[in-house]
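Worksheet for the structure shown next.
The values are calculated or read from the model by the stated rules, or taken from the named source; none is laboratory data. None of the values given here were measured: they were computed from a predicted structure. Virtual Cβ from ideal backbone geometry, glycine too; neighbours counted across all protein chains shown. In case anyone asks, the SASA skips ligands and DNA or RNA and just uses the protein heavy atoms, side chains included. Shrake-Rupley method; radii C 1.70, N 1.55, O 1.52, S 1.80 Å.
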Amino acid sequence: MRLDKLLANMGFGSRKEVRQLLKKGAIQVNNELVKDPARHVDPEMDEVTILGERIVYREFIYLMLHKPQGVISATEDFRDRTVIDLLDDEYRHFEPFPVGRLDKDTEGLLLITNDGKLAHELLSPKKEVPKTYYAHIEGVVTEDDIERFAEGVTLDDGYFTKPGKLRILKSDNISEIELTITEGKFHQVKRMFEAVGKRVVYLKRLTMGTLSLDEGLNLGEYRELTEEELASLRNEKAELD
């Protein structure tokens, strides 16, 4: 990879700005002063330093975000703030994107990455990656609802869902539930409850595959996945394959 491209990809400025750093003698490759922006380097093998600080190259980032309400799951929008707007510049320059989407008024776990292959595997309907949601439901949720969800319900457009696992935490005028589904149709959780005559008034995603929301993250906060979490996601993908 060209040296100027590598450093630009790592967030050290535009290629023009990187070339200025090269001219100033700020960059070394394997302890050798380099001023040629076209110099090719192996990010995995060569040691690149800027002003004596070693640069650790990485191609992908993996972030767990506790998405708040009022923010949309998109990379850019002219009206609303997006989940990417919540990230620091050190991550935004990787051009990450949300894996799937949560509605604007839905909170909870959202994976953000620039690894298109992993994202595709996690979102593919054929993989049936489970996702668990916590919700407040307007209406008394009953054992009959559990049975209907276990069989699948017909949505307003005639689509018959795959089975969902419904667990009742509290059955009252405002019920509390957890629901695990393996699909991601538009507004699916809300539409499934509408199919049984009830309404979701609060929705939060807790899990996606093996990944669980870190409850230590406040709304709007994020962190990088641990090596264990990433390995677990990749192992799940391999098992699904």
**Report entry** Hits in segment 193-209 (condition: buried (at least 17 other Cβ atoms within 10 Å of the Cβ) and at positive phi)
**Finding:** Gly209
Query - Tally, over segment 217-230, of residues that are open to solvent by less than 50 Å² (accessible area, probe 1.4 Å) and assigned to a helix (DSSP H, G or I) - result: 2
Report task. For segment 98-137, name all the residues that are among the β-branched types (Val, Ile, Thr), part of a strand (DSSP E or B) and closer than 30 Å to Ser175 by Cβ. Result -> Thr132, Ile137
Query - Leu233 closer than 30 Å to Asp88 by Cα, open to solvent by less than 20 Å² (accessible area, probe 1.4 Å), in contact (Cβ under 8 Å) with a residue 40 or more places away in the chain and under 20 Å from the mean Cα position of the chain (by Cα) - result: yes
Query raised in the report: So which residues in segment 1-24 are among the basic types (Lys, Arg) and either open to solvent by less than 80 Å² (accessible area, probe 1.4 Å) or assigned to a helix (DSSP H, G or I) (or both)?
Result: Lys5, Arg15, Lys16, Arg19, Lys23
Query raised in the report: Listed residues Glu90, Glu59; which is more than 24 Å from Glu221 (Cβ to Cβ), within 25 Å of the chain's Cα centre (by Cα) and modelled with pLDDT under 95?
Result: Glu59
**Report entry** segment 143-166, subset over 17 Å from Pro125 (Cβ atoms) and assigned to a strand (DSSP E or B), residue most open to solvent (accessible area, probe 1.4 Å)
**Finding:** Lys165
Report summary line: Within segment 38-97, the residues that are assigned to a strand (DSSP E or B), open to solvent by 40 Å² or more (accessible area, probe 1.4 Å) and closer than 30 Å to Lys23 by Cα are His40, Glu53, Arg54
